[in-house]
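Engineer: Supplied in structure tokens, the structure appears directly below.
Just so you know, all these numbers are worked out from the coordinates, no wet-lab data involved. As the structure is a computational prediction, the values presented were derived from the model and not from experiment.
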Amino acid sequence: MLLAALLWLAALPAFAQARQQDDAAPLQFRDAAEEARFHALTEQLRCVMCQNQSLADSNALIALQLRREVLALMRAGKSDEDIQRYLVQRYGEFVLYKPRLSGRTLLLWAGPVLVLLAGAGVVAALVRRRRQADPIPEDPSQEW
């Protein structure tokens, strides 16, 4: 019995690798329209593991699984909005490359503008302070 348990444990990596190869198999589309819709949708979704790649571009295992899930949802008759809503429910707004504007994502949308304005304010304050500390002579012929 112990030998059987050890053999079973030794075989686990082989099962995992076989499952990974199944996930990596190319998707089969019914027609060009389904393929075009699939690619357009997966370009709008972010890989939850890679974070800076779209679902279409990522080679991560979870991205492969999510692509299969997206295709299954498409074939189940779900609209693009339904699929996005489902993925947002599961992974949060982060899964969308263009998150919707809401109270939860307001800082995400306004953050870059606020940081830019704060930086401009700091630069303006430094320039104003430097001008007050070192006044420039009005007559260029005067030397210090």
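Engineer: Multiply the residue gap between PHE29 and ARG130 by 0.36 nm, knock off their C-alpha separation, and tell me the result in nm, one decimal place.
Structural biologist: Value of the extension gain: 29.8 nm.
Engineer: Return the sequence-ordered ³J(HN,Hα) values of the stretch 59-70 in whole Hz as given by the Karplus equation 6.51 cos²θ - 1.76 cosθ + 1.60 applied to θ = phi - 60°, using x for Gly and Pro.
Structural biologist: The phi angles translate into 9, 5, 4, 5, 5, 4, 5, 5, 4, 5, 5, 4 Hz.
Engineer: Please list the non-local residues whose amide H lies under 5 Å from the amide H of LEU96, H modeled 1.01 Å from N, same-chain partners needing a gap of 5 or more.
Structural biologist: Excluding prolines and chain starts, which carry no amide H, the hits are ARG46.
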